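Asks: Below: one structure in structure tokens.
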Amino acid sequence: RRQRALLWAVLLAAWEAAWGQLRYSVPEEMPKGSFVGDVAKDLGLQLTEIRDRGVRIVERGRTQYFTLNERTGHLVTAERIDREQLCERVQQCVLRCELIVEGEMKFYEIEVEITDINDNSPSFKKIELEQRMSETTAPGSRFPLPDAHDPDSGRNSLQSYELSGDEHFSLAVQAGPGGDQRPELVLAKALDREEAAFHELVLRASDGGDPARTGTARIRVTVLDANDNAPVFSQAEYTVRVPEDVPVGSTLVTVTATDADEGLNGHVTYSFHRISERASELFHLKSKTGEIILKENLDFEEISSFEMEVQARDGGELFDAAKVTISVTDMNDNAPELTISSALTEISEDAPSGTVVALLHVQDRDSGANGEVRCSIDKDVPFRLQSSHGSYYSVVTARELDREQVSEYNVTVRAADGGSPALQSSAVLALRVLDVNDNAPVFLEERYSARLAENNAAGALVLTVRATDADWGQNARVRYRLAEGRVRGAPLSSYFTVDAQRGTITLQEALDFEDTRVFSLAVEATDGGGLVAHCKVQVEVLDVNDNPPEI
């Protein structure tokens, strides 16, 4: 039968080798250098080919688990392999590598299944267990016992439990949702503390290996004296309201329970039974007095109410439970949060009234009047607040803007809550007003006059005209030109010229008093946006004695 299985394995390896894949299996924990498979034989390679053609094993992981013995052509282990470490909670543990034949430019995939051996014993987290039972515990009562753990798989894993040591107890094993075994201690016979105050038991867990491995835990059952009175709370439910700014260390509420028994059976201790993780961080229950103390600052905005269950337990393990509700009242400890969701940084001065320049969001984490927020804006600016949907406000223009009066605005928006005293916050909007060409150039004088002696040389300065523009940038850039006109049939530009940028009027040629005594010029000033201004210039030519008498 073994020969038949071996024959099938050889045939399977030969068939898979033909398709470029080899499969082997090897038990875990084999020493380094252990045989895995005859690669040379399965691939039909000669031992000389292995050395000459550069045959090697390649693994993609960090650890090299296999290597090729060039002398024998065998695939052997390069490290001791621990299946439980490599494939925890995996039923089939397979390692993959590749055999590269560099001389032939070929590769073969190799899969090695790591089979489990029974190298781990079942074990308990605690090998010494304590169980306390009252002597009045009814036979048939069950008590859960801790599970054992065995990292092996299949039959080598945990299979059964046994209990030994005392006729008062037996063992029941229940099946868990996942098919796991859950041991329970069953009271088979009534206890009598006066007969035996302690019972020593041994819980044994066994796996299915051959030979089987076992692990044990000792159970010490302490029989308690009869306790026929349970503690009773003075109230079934305790309710308290505290402000969120109550100081850390304050006692918020005291729970009280009494027990009619005497001695240890009448001694009551308190503990939280059902409590949220956050509540356990905030509150501390004094086990002896029942005082619930505040450990950290409360925050109404985080959690406004806490519900927990408190247990009062006597020395005989009888208990009572009460519900505790701590309601946190809001204090005005949060200023309004004013956020600029969207805002312009520039706006044209000709923007129509009602143009939106910013969208603001306001919220206050407090509640009631403490969370009611009112927003306001500076009164001396041409903007107003407009309520939008929900907690949003828009800042819009209240009238047309004039850059020539105010070119920049720093608008402060304030938010105040309804608390007493009120808390407030603010946000500043920086807005620059962009220029439009709404101002024409203006000459410093409507009329200019100059007196100039005749016979001055060409290029002589007559006078300078100047115009200003209240706009900004290109719109305020002024250029000058001489209006068309003629004197005695000749154009004025043949006598005078004006500098386009500086506005200086100079002579083109010498003037002759005897020819023309007065010149009237018109000068235009044009800004970058095309707006125009005019002024008049009168030039009076003064006579010089440049002509002899004629007889």
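The values are calculated or read from the model by the stated rules, or taken from the named source; none is laboratory data. The structure presented is a predicted model; accordingly, all values stated were derived computationally and were not measured. When we count neighbours, we look across all protein chains shown, and the Cβ atoms used for this are built from the backbone with ideal geometry, even at glycine. Each accessible area value is taken on the protein alone, full model and side chains, heavy atoms only, with ligands, DNA and RNA left out. Shrake-Rupley method; radii C 1.70, N 1.55, O 1.52, S 1.80 Å.
Asks: Among the residues of segment 49-57, are any of a type outside the set (Val, Ile, Thr) and modelled with pLDDT of 85 or more?
Replies: Taking segment 49-57 and keeping what is of a type outside the set (Val, Ile, Thr), we get 49, 51-54, 56.
After this cut, where a residue has to be modelled with pLDDT of 85 or more as well, the list is none.
No - not one qualifying residue is present in segment 49-57.
Asks: For PRO382, which of the numbered conditions (1) at pLDDT below 90; (2) touching a Leu at 6+ places or on another chain (Cβ under 7 Å) fails to hold?
Replies: If we test PRO382 against (1) at pLDDT below 90; (2) touching a Leu at 6+ places or on another chain (Cβ under 7 Å), just (1) comes out false.
Asks: Considering each of GLU88, GLU130 in turn, give the residue that is touching a Pro at 6+ places or on another chain (Cβ under 8 Å) and under 24 Å from ALA205 (Cα atoms).
Replies: None of the other options fit; the residue is GLU88.
Asks: Pick from SER327, SER305, SER276: which is over 30 Å from ASP228 (Cα atoms), among the small types (Gly, Ala, Ser) and either outside the structural domain of ARG241 (by the TED database) or open to solvent by less than 50 Å² (accessible area, probe 1.4 Å) (or both)? Steps first, please.
Replies: Working: SER305 fails: either outside the structural domain of ARG241 (by the TED database) or open to solvent by less than 50 Å² (accessible area, probe 1.4 Å) (or both); SER276 fails: either outside the structural domain of ARG241 (by the TED database) or open to solvent by less than 50 Å² (accessible area, probe 1.4 Å) (or both).
One residue alone meets the criteria, SER327.
Asks: Can you report the number of residues in segment 443-483 which are part of a strand (DSSP E or B) and either under 30 Å from ASP543 (Cα atoms) or open to solvent by 20 Å² or more (accessible area, probe 1.4 Å) (or both)?
Replies: 17
Asks: Does segment 316-331 contain at least one residue that is modelled with pLDDT under 90 and among the basic types (Lys, Arg)?
Replies: Taking every residue of segment 316-331 in turn, none turns out to be modelled with pLDDT under 90 and among the basic types (Lys, Arg).
Asks: OK, next. Taking the condition of being open to solvent by 50 Å² or more (accessible area, probe 1.4 Å) and over 19 Å from GLN21 (Cβ atoms), how many residues in segment 40-66 meet it?
Replies: Residues meeting the conditions: 9.
Asks: Here's another thing I want to ask about it. Filter segment 17-39 down to the residues that are in contact (Cβ under 8 Å) with a residue 40 or more places away in the chain and of a type in the set (Phe, Trp, Tyr), then identify the one that is most open to solvent (accessible area, probe 1.4 Å).
Replies: Among residues in segment 17-39 that are in contact (Cβ under 8 Å) with a residue 40 or more places away in the chain and of a type in the set (Phe, Trp, Tyr), the one most open to solvent (accessible area, probe 1.4 Å) is PHE35.
Asks: Read through the list (1) in a strand (DSSP E or B); (2) modelled with pLDDT under 90, then give the number of the only condition that ASP228 fails.
Replies: Of everything listed in (1) in a strand (DSSP E or B); (2) modelled with pLDDT under 90, ASP228 misses just condition (1).
Asks: Out of the residues in segment 357-370 meeting the condition of being open to solvent by less than 30 Å² (accessible area, probe 1.4 Å) and out of contact with any Gly (no Cβ under 8 Å at 6 or more places or on another chain), tell me which one is farthest from ILE347 (Cα to Cα).
Replies: VAL362
Asks: Still on this structure, I have one more. Hey, can you tell me all the residues within segment 397-423 that are buried (at least 17 other Cβ atoms within 10 Å of the Cβ) and assigned to a strand (DSSP E or B)?
Replies: Listed by number, the residues that qualify are THR397, TYR409, VAL411, VAL413, ALA415, ALA416, ASP417.
Asks: Here is a follow-up. Can you confirm whether segment 380-388 contains a residue that is farther than 19 Å from ALA351 by Cα, touching a His at 6+ places or on another chain (Cβ under 7 Å), of a type outside the set (A, V, I, L, M, F, W, C) and part of a strand (DSSP E or B)?
Replies: no
Asks: Give just the number: which of (1) farther than 21 Å from ALA510 by Cα; (2) open to solvent by less than 30 Å² (accessible area, probe 1.4 Å) does PHE496 not satisfy?
Replies: (1)
Asks: Could you list, in sequence order, the residues of segment 491-542 that are part of a loop (DSSP other than H, G, I, E, B) and within 60 Å of the chain's Cα centre (by Cα)?
Replies: Matches in segment 491-542: ASP527, GLY528, GLY529, GLY530, LEU531.
Asks: Go through segment 43-89 and count every residue that is part of a helix (DSSP H, G or I) and either aliphatic (A, V, I, L, M) or touching a strand residue (DSSP E or B) at 6+ places or on another chain (Cβ under 6 Å) (or both).
Replies: Adding up the residues that qualify gives 5.
Asks: Name the strands (runs of 3 or more DSSP E) wholly within segment 249-367 that hold at least 3 residues that are over 30 Å from ASN475 (Cα atoms), of a type outside the set (D, E, K, R) and touching a residue at least 24 places away in the same chain (Cβ under 8 Å)?
Replies: Counting at least 3 such residues, we get 251-254, 269-274, 291-294, 305-313, 319-329, 337-343, 356-363.
Asks: Kindly indicate whether PRO211 is surrounded by 16 or more Cβ atoms within 10 Å (Cβ to Cβ) and over 30 Å from SER304 (Cα atoms).
Replies: Working: surrounded by 16 or more Cβ atoms within 10 Å (Cβ to Cβ): no; over 30 Å from SER304 (Cα atoms): yes.
Spelling it out, it is not the case that PRO211 is surrounded by 16 or more Cβ atoms within 10 Å (Cβ to Cβ) and over 30 Å from SER304 (Cα atoms).
Asks: If the requirement is being of a type in the set (S, T, N, Q), under 18 Å from GLU400 (Cβ atoms) and out of contact with any Phe, Trp or Tyr (no Cβ under 6 Å at 6 or more places or on another chain), which of these qualifies: THR325, THR355, THR339? First the steps, then the outcome.
Replies: Working: THR325 fails: under 18 Å from GLU400 (Cβ atoms); THR339 fails: under 18 Å from GLU400 (Cβ atoms).
Being of a type in the set (S, T, N, Q), under 18 Å from GLU400 (Cβ atoms) and out of contact with any Phe, Trp or Tyr (no Cβ under 6 Å at 6 or more places or on another chain) holds for just one of THR325, THR355, THR339, which is THR355.
Asks: Right, another one. Name every residue in segment 421-442 that is closer than 20 Å to LEU338 by Cβ and of a type in the set (S, T, N, Q), in order of residue number.
Replies: GLN424, SER425, SER426
Asks: Here are LEU129, LEU171, LEU185: which of them is open to solvent by 40 Å² or more (accessible area, probe 1.4 Å) and either assigned by the TED database to the domain that holds ARG213 or under 46 Å from the mean Cα position of the chain (by Cα) (or both)? Steps first, please.
Replies: Details: LEU129 fails: open to solvent by 40 Å² or more (accessible area, probe 1.4 Å); LEU185 fails: open to solvent by 40 Å² or more (accessible area, probe 1.4 Å).
The unique qualifying residue is LEU171.
Asks: Counting residues that are small (Gly, Ala, Ser), which strands (runs of 3 or more DSSP E) fully inside segment 117-190 reach at least 1?
Replies: Hits in segment 117-190: 128-134, 158-164, 169-175.
Asks: Being open to solvent by 20 Å² or more (accessible area, probe 1.4 Å), within 21 Å of ASN265 (Cβ to Cβ) and either part of a loop (DSSP other than H, G, I, E, B) or free of Cβ contacts under 8 Å to residues at least 12 places away in the same chain (or both) is the filter here; which residues of segment 191-208 pass it?
Replies: At the first step, the residues of segment 191-208 found to be open to solvent by 20 Å² or more (accessible area, probe 1.4 Å) are 192-198, 200, 202, 204, 208.
If we keep only those that are within 21 Å of ASN265 (Cβ to Cβ) as well, we get 192-198.
Of everything in segment 191-208, those that are open to solvent by 20 Å² or more (accessible area, probe 1.4 Å), within 21 Å of ASN265 (Cβ to Cβ) and either part of a loop (DSSP other than H, G, I, E, B) or free of Cβ contacts under 8 Å to residues at least 12 places away in the same chain (or both) turn out to be ASP192, ARG193, GLU194, GLU195, ALA196, ALA197.
Asks: Hey, can you tell me all the residues within segment 56-77 that are more than 14 Å from GLY37 (Cβ to Cβ) and aliphatic (A, V, I, L, M)?
Replies: Of everything in segment 56-77, just one residue is more than 14 Å from GLY37 (Cβ to Cβ) and aliphatic (A, V, I, L, M), namely VAL58.
Asks: Taking the conditions exactly as written (outside the structural domain of GLU130 (by the TED database) and open to solvent by 20 Å² or more (accessible area, probe 1.4 Å)), does ALA257 satisfy them or not?
Replies: no
Asks: Moving on to the next point. Assuming LEU86 fulfils every condition listed in (1) open to solvent by 40 Å² or more (accessible area, probe 1.4 Å); (2) among the aliphatic types (A, V, I, L, M); (3) closer than 27 Å to ILE117 by Cα; (4) at pLDDT below 75 apart from one, which condition is it?
Replies: The one condition LEU86 does not meet is (4).
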